[in-house]
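Encoded as structure tokens, the structure appears first; notes follow it.
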Amino acid sequence: MKLDLSEVVSNPGMHVTQEIDEPCSKDLEIDCVAPVKGTLKFSNTGTLLLIQGEVHTEVRLECARCLVEYTTPVKVEIEEEYKLEKVGDAMQALPIEEEVGTPDLIKSNVLDVTELARQNLIVELPIQPLCKPECSGLCPTCGENLNMRKCSCPPAEPESPFIALADLLGKDEE
């Protein structure tokens, strides 16, 4: 979804609110199972274009412990600032800090809402997704999902990180 912000950018003191209701697309690079919805407010302060709001959706993730797919809601607050500068005869919203490799969200005062949502939603996703906090994971011996049932494998004896030091102590005593 693209939004033309030329009117807001050209009028200091102007505020505009836009409802977002976009179907989940492959452009998001997120496995969402619900539309991306939310509200964005655009404010022209005279020197800055402020973008504030929130977007939310539901995403499908794979548990890092038991490898089961599950869905979870993701909600993110958005706060962006762009400096307003006169370019030729018109005002333009320009990034405050240019980061190498970051796609421009606003080009010729047109905001790419899909890219704005994608960047913010990806940051909000958990690094190690868990289907539930007390997930037991998989048996390291047979691979059984320990959330479903206990396996008959004997419990693995934990290796001490000090085994190598024990060998060194034995050499010193000789």
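The values are calculated or read from the model by the stated rules, or taken from the named source; none is laboratory data. Computed from a predicted model, the values in this text were never measured in an experiment. Virtual Cβ from ideal backbone geometry, glycine too; neighbours counted across all protein chains shown.
Please specify each residue of the range 1-34 satisfying the condition of being assigned to a strand (DSSP E or B) and in contact with a helix residue (DSSP H, G or I) (Cβ under 9 Å, 6 or more places away or on another chain).
Passing the criteria: LYS2, LEU3, HIS15, VAL16, GLN18, ILE20, GLU22, CYS32.
Condition check: under 29 Å from ILE127 (Cα atoms), at pLDDT 85 or above, among the acidic types (Asp, Glu) and surrounded by 14 or more Cβ atoms within 10 Å (Cβ to Cβ). Does GLU58 satisfy that? Don't jump to the end; show me each part of the working.
Values: under 29 Å from ILE127 (Cα atoms): yes; at pLDDT 85 or above: yes; among the acidic types (Asp, Glu): yes; surrounded by 14 or more Cβ atoms within 10 Å (Cβ to Cβ): yes.
Spelling it out, GLU58 is indeed under 29 Å from ILE127 (Cα atoms), at pLDDT 85 or above, among the acidic types (Asp, Glu) and surrounded by 14 or more Cβ atoms within 10 Å (Cβ to Cβ).
List every residue pair whose Cβ atoms sit under 8 Å apart, with the two residues 6 or more apart in sequence or on different chains, where the first one lies in the range 102-122 and is surrounded by 14 or more Cβ atoms within 10 Å (Cβ to Cβ) and the second, anywhere, is hydroxyl-bearing (Ser, Thr, Tyr) and in a strand (DSSP E or B).
ILE106/TYR82; LEU121/THR57
May I ask you to list the residues in the range 49-69 that are in a strand (DSSP E or B) and more than 17 Å from the chain's Cα centre (by Cα)? Give the derivation first.
Within the range 49-69, the first condition is being in a strand (DSSP E or B), and the residues that meet it are 49-62, 69.
If the condition is that a residue be in a strand (DSSP E or B) and more than 17 Å from the chain's Cα centre (by Cα), then LEU49, LEU50, ILE51, GLU69 are the ones that fit.
Conditions: (1) among the acidic types (Asp, Glu); (2) modelled with pLDDT under 90; (3) under 15 Å from the mean Cα position of the chain (by Cα). GLU124 meets all but one. Number of the miss?
It fails just one condition, (2).
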